[in-house]
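Enquirer: Sharing a structure below in structure tokens format, with a few things to ask.
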Amino acid sequence: MLKGIDFFPHDTKVSFVPFRHLSFMGSGALIILSVVLFLAAGLNYGIDFRGGTMIHIQTKGGKPANIGALRSQIGSLGLGDVQIQEFGKPTDVLIRIESQPGGAKEQQAVVQRVRGALGDSVTYERTEVVGPTVSAELKESGMIAVIVAIVAVLIYIWFRFEWQFSLGAVAALVHDVLLTIGVFSALQLEFNLSIIAAILTIVGYSLNDTVVVYDRVRENLRKFKKMPLDELLDHSINETLSRTILTSGTTLIALLSLYIFGGEVIRGFTFAMIWGVVVGTYSSIFIAAPLLLVLGVKRDWSGLGGAKVKEPAARRA
């Protein structure tokens, strides 16, 4: 009879919970840094959130684009803030133009003026026009989507487990979201609707990882009624560690392939996903699980007469 191949040992005995103080302090410092960066530098909002016009062009004949000449040609049109950058290949260029006063007709007129200035020397691969009203609505809707997702997780975990598990899961999700926003603010990567989609995906991925660990914790709370809670949490994490690492590893392989070979259009999305998988895996092990020790969980989670198990005094140091 053929047996499956074990890529990772199943009987690990790694101590995670004793390092909770370091992980809490490290994550707390990173969250504070992320908030400071967001307030000081802000996010590099894309056309989706700022409004304006984005035109993706490609030079003909395979010749590299002359960015300087393009800046001179489009800059002479008097369109305000114009950003021109190479987009993946030397022949591809992305032109971003700020939102023009006068409504949707003026935004559409910008495209025609750019076409008139560049003539037939380039091909137009993609054009996006977003008005200021629509961009404000998109920004508000994106924020609401993330908040609703986190609140829904809070309610779901509360009903499925206990309030301690619910708070632990939400703390891990907020940690992941804030660190993702922080890295985008630090690197000034473009923040658009696809990044909102990536954040929502990160919330789902991190939640799935956390629920797997929590489910094993719940089983072990019933099974090992006299095991100290910190040891029980370590035992539960180690029991799910092979699944966590293999799932995260295979996901990262796919995402790295997309990041390298997928092109510029989805590069921001894949970067956010790669970062989210890393911090989501970290938070499930080093944030969500150890928080149960701080919050205190019931030995009998169903409430049938079990008292709360708190961290022994000797282990608090």
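The values are calculated or read from the model by the stated rules, or taken from the named source; none is laboratory data. Since this is a predicted model, take the numbers as computed values, not measurements. Note: ideal-geometry Cβ built from the backbone for every residue, glycine included; neighbour counts use all protein chains shown.
Enquirer: For the stretch 248-255, does any single residue satisfy the condition of being within 30 Å of VAL130 (Cα to Cα) and part of a helix (DSSP H, G or I)? Lay out the reasoning, then the answer.
Expert: Restricting attention to the stretch 248-255, the residues satisfying the condition of being within 30 Å of VAL130 (Cα to Cα) are 255.
Checking the rest, the ones that are also part of a helix (DSSP H, G or I) come to 255.
Looking through the stretch 248-255, at least one residue is within 30 Å of VAL130 (Cα to Cα) and part of a helix (DSSP H, G or I).
Enquirer: Now a separate question. Among the numbered criteria (1) closer than 25 Å to PHE286 by Cβ; (2) in a loop (DSSP other than H, G, I, E, B), which single criterion is violated by LEU179?
Expert: (2)
This table checks each residue for (1) at pLDDT below 85; (2) buried (at least 23 other Cβ atoms within 10 Å of the Cβ).
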{"residue": "VAL213", "(1), (2)": "no, yes"}
{"residue": "VAL217", "(1), (2)": "no, yes"}
{"residue": "ASN220", "(1), (2)": "no, no"}
{"residue": "LYS223", "(1), (2)": "yes, no"}
{"residue": "MET227", "(1), (2)": "yes, no"}
{"residue": "HIS235", "(1), (2)": "no, no"}
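Enquirer: Kindly indicate whether any position in the stretch 182-195 is surrounded by fewer than 21 Cβ atoms within 10 Å (Cβ to Cβ), closer than 21 Å to THR251 by Cα and assigned by TED's automatic domain parsing to the domain that holds ARG267.
Expert: Yes: the stretch 182-195 contains one or more residues that are surrounded by fewer than 21 Cβ atoms within 10 Å (Cβ to Cβ), closer than 21 Å to THR251 by Cα and assigned by TED's automatic domain parsing to the domain that holds ARG267.
Enquirer: Here is a further query. If VAL111 satisfies all but one of (1) touching a residue at least 60 places away in the same chain (Cβ under 8 Å); (2) out of contact with any helix residue (DSSP H, G or I) (no Cβ under 9 Å at 6 or more places or on another chain); (3) of a type in the set (Val, Ile, Thr), what's the number of the condition it fails?
Expert: The failed condition is (1).
Enquirer: Please go through the stretch 1-40 and pick out each residue that is among the hydrophobic types (A, V, I, L, M, F, W, C), at pLDDT below 70 and closer than 16 Å to ILE245 by Cα. Outline the logic, then answer.
Expert: Initially, the stretch 1-40 is screened for residues among the hydrophobic types (A, V, I, L, M, F, W, C), giving 1-2, 5, 7-8, 14, 16-17, 19, 22, 24-25, 29-33, 35-40.
Subsequent filtering for residues that are at pLDDT below 70 retains 1-2, 5, 7-8.
Selection gives ILE5, PHE7, PHE8.
Enquirer: If we scan the stretch 220-240, do we find a residue that is assigned to a helix (DSSP H, G or I), under 30 Å from LEU39 (Cα atoms), aliphatic (A, V, I, L, M) and out of contact with any Gly (no Cβ under 6 Å at 6 or more places or on another chain)?
Expert: Taking the stretch 220-240 as the starting set, the residues that turn out to be assigned to a helix (DSSP H, G or I) are 220-223, 229-240.
Narrowing the set further to residues that are under 30 Å from LEU39 (Cα atoms) leaves none.
No - not one qualifying residue is present in the stretch 220-240.
Enquirer: May I ask you to say which residue of GLU190, GLU140, GLU162 is in contact with a strand residue (DSSP E or B) (Cβ under 8 Å, 6 or more places away or on another chain), over 30 Å from GLU239 (Cα atoms) and among the acidic types (Asp, Glu)? Walk me through it before giving the result.
Expert: Values: GLU140 fails: in contact with a strand residue (DSSP E or B) (Cβ under 8 Å, 6 or more places away or on another chain); GLU162 fails: over 30 Å from GLU239 (Cα atoms).
One residue alone meets the criteria, GLU190.
Enquirer: Within the stretch 151-170, how many residues turn out to be under 24 Å from the mean Cα position of the chain (by Cα) and surrounded by fewer than 19 Cβ atoms within 10 Å (Cβ to Cβ)?
Expert: Residues meeting the conditions: 7.
Enquirer: Take residues that are aliphatic (A, V, I, L, M) and tell me which of the strands (runs of 3 or more DSSP E) falling wholly in the stretch 39-156 contain 3 or more. Walk me through it before giving the result.
Expert: Details: elements: 52-59, 82-87, 89-98, 122-130.
Strands (runs of 3 or more DSSP E) meeting the threshold: 52-59, 89-98, 122-130.
Enquirer: Further question: Looking at the stretch 188-206, I want the residues that are farther than 13 Å from VAL153 by Cβ and among the small types (Gly, Ala, Ser) and have a partner that is modelled with pLDDT under 85 and outside any helix (DSSP H, G or I) with Cβ atoms under 9 Å, at least 6 apart or on another chain. Which pairs are those?
Expert: So the pair list comes out as SER194/GLY46; SER194/VAL265; SER194/ILE266.
Enquirer: Can I ask one more? For ILE55, only one of the following conditions fails: (1) crowded, with 18+ Cβ neighbours inside 10 Å; (2) over 27 Å from the mean Cα position of the chain (by Cα); (3) among the hydrophobic types (A, V, I, L, M, F, W, C). What is its number?
Expert: (2)
Enquirer: Which of the numbered conditions does THR244 fail, given that it passes all the others? Conditions: (1) surrounded by fewer than 17 Cβ atoms within 10 Å (Cβ to Cβ); (2) in contact with an Asp or Glu (Cβ under 8 Å, 6 or more places away or on another chain); (3) of a type in the set (S, T, N, Q).
Expert: Here THR244 clears every test but (1).
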